[in-house]
Amino acid sequence: MSVRNRANTPWLPPRWFIRLAWSVHRGLYRVCHGRVGLWRPRANRWGTLRLTTTGRRTGQQHSVILGYVEDGPNLVTLAMNGWGAAEPAWWLNLQAHPDVTVDLVDGQRPVRGRAATGDERSRLWARWCEIDTNLDGFAARRPSETAVVVLEPGFGTSDAGSAARERP
């Protein structure tokens with residue numbers, strides 16, 4: 001992926017606004033006990049899921065709501081932190097403890113997370129670019145390559161089991 005001049009990058013709202021929007025989304029999910037706030041991807045649109053990871057330092061459960069697309073049985077998201085420079089905490093936690101759970105519209109499932117590499121990363125990045133034509137421009141705001149995260153089904157652990165019992 002080429003790094004573009006900042007003058008050519010698409011407009012983003014201020015970081016405080018992005019953080020506020022996601023906080024409101026998480027709050028809506030929590031207040032509605034998970035009945036509102038998640039949706040399936042459709043045609044050329046992404047969906048949302050709730051990812052619960054184990055903290056790499058604390059060992060406590062942490063949940064975030066992320067956009068995703070489907071790739072066969074896998075779920076694919078981007079570790080972008082609102083296009084900020086730092087890696088998102090959930091991605092660092094997932095690297096330390098790859099067995100996690102996701103909540104989807106149709107229920108919860110255990111998954112194992114990993115970074116896509118090589119041709120798989122290129123293919124999945126292109127899939128995301130079909131959905132968001134400004135993706136390369138947004139990614140140019142980050143000093144490092146944005147990880148394409150693949151969540152593969154069927155890997156339950158005791159960490160995932162405890163996360164499955166925790167509800168908003």
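The rows are residues; the columns are (1) at pLDDT below 75; (2) exposed (fewer than 14 other Cβ atoms within 10 Å of the Cβ); (3) not in a helix (DSSP H, G or I).
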{"residue": "R4", "(1), (2), (3)": "yes, no, yes"}
{"residue": "A7", "(1), (2), (3)": "yes, yes, no"}
{"residue": "W11", "(1), (2), (3)": "yes, yes, yes"}
{"residue": "F17", "(1), (2), (3)": "yes, yes, no"}
{"residue": "A21", "(1), (2), (3)": "yes, yes, no"}
{"residue": "H25", "(1), (2), (3)": "yes, no, no"}
{"residue": "Y29", "(1), (2), (3)": "yes, no, no"}
{"residue": "G34", "(1), (2), (3)": "yes, no, yes"}
{"residue": "L51", "(1), (2), (3)": "no, no, yes"}
Self-check item: Candidates R141, R167, filtered to the one that is surrounded by fewer than 17 Cβ atoms within 10 Å (Cβ to Cβ) and modelled with pLDDT under 90
Solution: R167
Quiz item: If a residue has to be farther than 16 Å from G47 by Cα, assigned to a strand (DSSP E or B) and not polar (S, T, N, Q) to count, how many in segment 59-87 make the cut?
Solution: 1
Quiz item: Just to be sure, is D159 outside any strand (DSSP E or B), in contact with an Asp or Glu (Cβ under 6 Å, 6 or more places away or on another chain), at pLDDT below 95 and not hydrophobic (A, V, I, L, M, F, W, C)?
Solution: yes
Quiz item: Right, V100: in a strand (DSSP E or B), under 15 Å from the mean Cα position of the chain (by Cα) and within 13 Å of T53 (Cα to Cα) or not?
Solution: yes
Self-check item: Residues of segment 115-144 satisfying the condition of being free of Cβ contacts under 8 Å to residues at least 40 places away in the same chain and touching a helix residue (DSSP H, G or I) at 6+ places or on another chain (Cβ under 7 Å)
Solution: C129, L135
Quiz item: How many of the residues making up segment 69-97 are touching a Pro at 6+ places or on another chain (Cβ under 7 Å) and loosely packed, with under 15 Cβ neighbours inside 10 Å?
Solution: 3
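The values are calculated or read from the model by the stated rules, or taken from the named source; none is laboratory data. Note that the coordinates shown come from a computational prediction; the quantities given were computed from them, not determined experimentally. Using ideal geometry, Cβ is built from the backbone for each residue, glycine included, and neighbour counts are taken over all protein chains shown.
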